[in-house]
Amino acid sequence: MDPMPAPEIRAAMAKLDAWHRRGSLIHREYTFGDFPLAIAFVNAVAAAAESALHHPDIDIRWNRVRLALTTHDAGGLTELDFVLAARCDALAKPGSSVSRRAPGPRPAGKTPGRGARRRPR
């Protein structure tokens with residue numbers, strides 16, 4: 001697979017919301033309400049990436065997820081990157097499978113801190 005020519009990349013970028021190009025990759029940051037929602041999104045992206053056989057670089061920082069896409073084999077951006085980017089955007093929208101699968105609120109009360117012992121069940 002060959003990298004896309006610059007005019008095609010510009011046209012594809014115009015169809016994406018909040019994605020940015022840096023050299024031979026595109027990237028975007030998503031912000032969620034909390035860590036479980038961010039992880040639910042990452043899990044959904046992982047499933048989509050596996051089915052597409054195309055895998056993003058993923059950076060998770062509490063409620064923020066940064067994705068970067070490029071097609072390493074092609075040495076640049078290909079249609080695969082833009083298709084997966086659009087899929088990730090769809091997964092992040094309210095009402096998507098991610099927001100429906102996210103865990104509910106945790107019970108009130110203290111949670112053990114680092115190094116704390118949990119009581120046996």
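The set of residues from segment 53-73 being exposed (fewer than 13 other Cβ atoms within 10 Å of the Cβ) and either part of a loop (DSSP other than H, G, I, E, B) or touching a helix residue (DSSP H, G or I) at 6+ places or on another chain (Cβ under 6 Å) (or both) comprises 53, 62.
For segment 14-52, taking the residues that are part of a helix (DSSP H, G or I) and among the aromatic types (Phe, Trp, Tyr), the one that is surrounded by the most Cβ atoms within 10 Å (Cβ to Cβ) is identified as 41.
Under the condition of being within 18 Å of residue 6 (Cα to Cα) and either assigned to a helix (DSSP H, G or I) or at pLDDT 95 or above (or both), the residues counted in segment 74-121 number 10.
The values are calculated or read from the model by the stated rules, or taken from the named source; none is laboratory data. Source: prediction; values computed, not measured. Positions of Cβ are generated from backbone atoms using ideal geometry, with glycine treated the same way; all protein chains shown enter the neighbour counts.
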